[in-house]
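Every number here is computed from the coordinates shown, using simple stated rules; none is lab data. Everything numeric here is computed off the predicted structure, so don't read it as measured data. Here Cβ is always computed from backbone atoms with ideal geometry, including for glycine, and neighbour counts include all displayed protein chains.
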Ligand SMILES: Cc1cc2nc3c(=O)[nH]c(=O)nc-3n(C[C@H](O)[C@H](O)[C@H](O)COP(=O)(O)OP(=O)(O)OC[C@H]3O[C@@H](n4cnc5c(N)ncnc54)[C@H](O)[C@@H]3O)c2cc1C
């Protein structure tokens, strides 16, 4: 970063949404730099679903085949009763998704996905250890001030800085996210113990109990060498300051013990498990102002139960890029309006269903989510 003190477009945050925005904007011919507070990224133990809606975006930046090769391709999203094992729904994915939705549905390790996203970005466009601490909106630019003492002038600023976004705070004032009343336990399980059980661990399955408690379990590698679960459990409150805390096999046993044999084996195969609070915000009434615009969790955070939060961030990045390309950076106000008009209803609908935790529990048609094509959909039309 040493020489650069003026950039055209600054993306704040190199998470999944920010990294996608940089790749897409570069591909579209824009000059863009990303500023990330972390000194580096590491492979934390967690998985993620990426739907065909987003694989179509990854196709345009050369990532679809790379991710397809690494991730798992489940044939179905199953929903099952956690006690009896009865099937509540079987949503076809696999070849059906490729044919009907136009791209594969994959589940993958988050670290592997993000590493691939970062790998395609030119190193001179990525500035780690740049936590945005303040900004000043001026007539012709935005002056960004970073915690490391550096200052950068940017013509446009994209806030992809997550649920505690500094850019959101500048637009709407300080407001802590709300605790949703739910936590999730996350674990990569011991594969030897799974195999020794002789049971079948389906590639993508959500197990349900009363009060919508659940365990979502899935492969994160194409060779089935990793299996991961994330729970959803309602709790009375969250009293910790840390982003997550350690949990234990005993806690898993206390919540989910005595269930179906597959669940018992998952608990027995749990060695390290962490517990994460799920934070939330109501839909924002402002997505942009002047030269500032939001995307992803900075704009519409949601509980993770639809497995579409990152997908919405990446869809945002694709649509925002298209709007800037169509109208030009000089017309940023119109481009930001077009972006919001295209995205608001869809992101809000996904946010609402995620928070309700009903997605695919019963048979339903997911085509409006997975069949959507953010690269070709009509701009300005709210497609839900
Ligand atoms: C348990 C769980 C499971 C999930 N499963 C799925 C799933 O299967 N599929 C799916 O699509 N989504 C899933 N999600 C949601 C998904 O993780 C988020 O929606 C997604 O990470 C949002 O991406 P983002 O880029 O907007 O924000 P983030 O991923 O939060 O990235 C923000 C980035 O900005 C950086 N940053 C923050 N502040 C600053 C600053 N001041 N200056 C500079 N940099 C800053 C951060 O370090 C970070 O790198 C899940 C979420 C959880 C909690």
At a Förster distance of 35 Å, what's the computed FRET efficiency of residue 356 paired with residue 250, Cβ-Cβ distance as r, to 0.05? 0.70
Pick from 48, 61, 215: which is most flexible by mean-square fluctuation in a GNM of the chain where alpha carbon atoms under 10 Å apart are linked? 61
Principal-axis tilt of helix 16-27 within the chain, Cα atoms, nearest 10 degrees: 50
Which length gain, in nm to one decimal place, applies between residue 381 and residue 224 when the Cα-Cα distance is subtracted from 0.36 nm times their residue separation? 52.5 nm
Percent of alpha-carbon pairs separated by more than 22 Å within the range 29-169: 56
Given contacts defined as C-alpha pairs under 8 Å and at least six residues apart, what's the relative contact order of the range 158-300, whole-number percent? 39
Could you tell me the distance between the Cα centroids of the range 218-292 and the range 135-202, to the nearest Å? 16
0 to 90° range, to nearest 10: angle between helix 110-119 axis and the chain longest Cα axis: 30
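If I take every Cα pair under 8 Å that is 6 or more residues apart in the chain, average their sequence separation and divide by the length, what percent do I get for the relative contact order? Display every interim value, and only then the final one.
Details: 828 pairs, mean separation 83.0, N = 384.
Averaging sequence separation for qualifying contacts and normalising by length gives 22 percent for the chain.
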Difference of contour (0.36 nm per residue) and Cα-Cα distance, residue 43 to residue 178: 45.9 nm
In nm, to one decimal, how far is the residue 349 label point from the residue 272 one, both placed 7 Å along Cα→Cβ? 4.0
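Peptides 196-207, 82-93, 319-330: what's the order by average Cβ count within 10 Å, highest mean first?
For the peptides 196-207, 82-93, 319-330, the packing ranking is 319-330, 196-207, 82-93.
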On Cα atoms only, tilt of 309-327 relative to the major axis of the chain in degrees: 30
Per its Cα gyration tensor (rounded if a/c is under 1.5, else prolate when a/b beats b/c, else oblate), the range 1-54 is best filed as oblate
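Over the range 241-338, what relative contact order in percent results from Cα pairs under 8 Å that are six or more residues apart? Present the calculation step by step, with values, prior to reporting the outcome.
Details: 91 pairs, mean separation 19.7, N = 98.
Over the range 241-338, the number comes to 20 percent.
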Residues listed by number, the range 328-358, amide nitrogen under 20 Å from residue 286 label point at 7 Å toward C-beta: 332-345, 348
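Mind running the shape call on the range 269-331? Use the C-alpha gyration tensor, a ≥ b ≥ c as the square roots of the eigenvalues: rounded below 1.5 for a/c, prolate if a/b tops b/c, oblate otherwise.
On the way: a/c = 3.57, a/b = 2.22, b/c = 1.61.
Judged from the Cα gyration tensor, the range 269-331 comes out prolate (a/c at least 1.5, a/b above b/c).
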Hey, if you drop one equal point scatterer on each alpha-carbon of the chain and run the Debye formula without solvent, what base-10 log of I(q)/I(0) do you get at q = 0.09, 0.13 Å⁻¹? -0.51, -1.06
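Based on DSSP, what percent of beta bridges with both residues in the chain are antiparallel, to the nearest 5? Spell out each step's value before the answer.
Values: 45 of 64 bridges.
Once the DSSP bridges in the chain are tallied, antiparallel ones form about 70 percent.
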